[in-house]
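Asker: My questions all concern the structure below.
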Amino acid sequence: MNFSALLAQSAAAETAATALVIAFFAVVVLLGVATLVAGILRIIIFFNYWITDRSSTAAGFTGETAAKHMLAELGYGDIEVKKAGFFRALVYSNHYNPKKKIIYLRASTFKRDNITSVGLALQKVGIAIQDKKSGSVKSYWRLKQIAVFGPIMFIPLVIVGVVIDFITLFMTGGSFSGVGTLVCVILGIAYFVASFVLTIYTIKVEKRANAEALEIMKNYQLFTEDEYDKIAKVFRVYLLTYITDFIINLLQIIKLILKIAINIFAASQNSNKK
């Protein structure tokens, strides 16, 4: 290979490296903006909660009684409403389990008679309605059980992989293979991708549940017009947070792919220099 060809190859490699780095930092900036927007939306949710948590419903329902009342009205006698235990509430919050046919409500939602509690309970009834109509919630629930820990699993899995490699190195006296680390990194990425897919599912399921709940409130006159407007606003902002979570997860995956690409490119360049 002549000098001009080597020079052209070097220039192309430098251009590719620069493009990867620019793309990486662009994604980091976008991720920061999306995270900021998500934080603002959560502040808005907190503010709306502060209002609706202090407003009792005119009908006098609690989260528990409203959910049970609507399930009876709809003829869904096979679905129960229970208070979620500490661990279940911590991991899943208010939720519907399609396998057990149970709506679980946190203690703060279960017994309180404010707009938020009743609205959130009816939103879970909306998810139960989806399950009755199409059964699509079952796939969502199965994925949620796997992917709910996705965002916090990556780093612990990588640490486990490194520990396994060092233990293998110590016991065999060989070289550091990195196989355990690689396997755990792949598992971590798989969890991350599953979490991303869960976010897509969540937007779809929650949007339909919001519509079902709002329709119930109107048709059965469970809320006054003012109460209806307040909970509808909470639902809208909640859905926006799911959308921002989707964007954040997408950017996280792109960031991870770019980081891996940069590392591979750097390793190949170092290898070529040798």
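Each reported figure results from applying straightforward, stated rules to the coordinates on display, with no laboratory input. Since this is a predicted model, take the numbers as computed values, not measurements. All Cβ positions, glycine included, derive from the backbone under ideal geometry; neighbour counts span all protein chains shown.
Asker: How big is the dipole moment of the range 35-153 about its Cα centre under a simple scheme where the beta carbon of each Lys and Arg is +1, that of each Asp and Glu is -1, and everything else is neutral? Debye, nearest 20, please.
Answerer: 380
Asker: So what are the ³J(HN,Hα) numbers for the range 124-135, from phi and the Karplus equation (6.51, -1.76, 1.60; θ = phi - 60°), rounded to whole Hz, Gly and Pro as x?
Answerer: Couplings: 6, 4, x, 5, 4, 5, 4, 5, 5, 6, 10, x Hz.
Asker: Moving on. If amide H atoms are built 1.01 Å from N in the plane of the peptide, which residues on other chains or at least 5 residues away come under 5 Å of the amide H of VAL81?
Answerer: So VAL81 has HN proximity to ILE103.
Asker: Show me the ranking of peptides 27-36, 102-111 by mean Cβ neighbours inside 10 Å, starting with the highest.
Answerer: Final packing ranking: 102-111, 27-36.
Asker: What ³J(HN,Hα) values, in whole Hz, does the Karplus curve 6.51 cos²θ - 1.76 cosθ + 1.60 give for the range 16-22 when θ = phi - 60°, with x put for Gly and Pro?
Answerer: After applying 6.51 cos²θ - 1.76 cosθ + 1.60, I find 5, 5, 5, 4, 5, 5, 4 Hz.
Asker: Using a Cα-Cα cut-off of under 20 Å, which lysines could be cross-linked to LYS132, ignoring same-chain neighbours fewer than 8 residues away?
Answerer: The qualifying lysines are LYS68, LYS82, LYS99, LYS100, LYS101, LYS124, LYS144, LYS204, LYS207.
Asker: With θ set to phi - 60°, apply the Karplus curve 6.51 cos²θ - 1.76 cosθ + 1.60 along the range 97-111 and write out the HN-Hα couplings as whole Hz, x wherever there is a Gly or Pro.
Answerer: After applying 6.51 cos²θ - 1.76 cosθ + 1.60, I find 9, x, 6, 8, 6, 10, 8, 9, 10, 4, 4, 5, 9, 4, 9 Hz.
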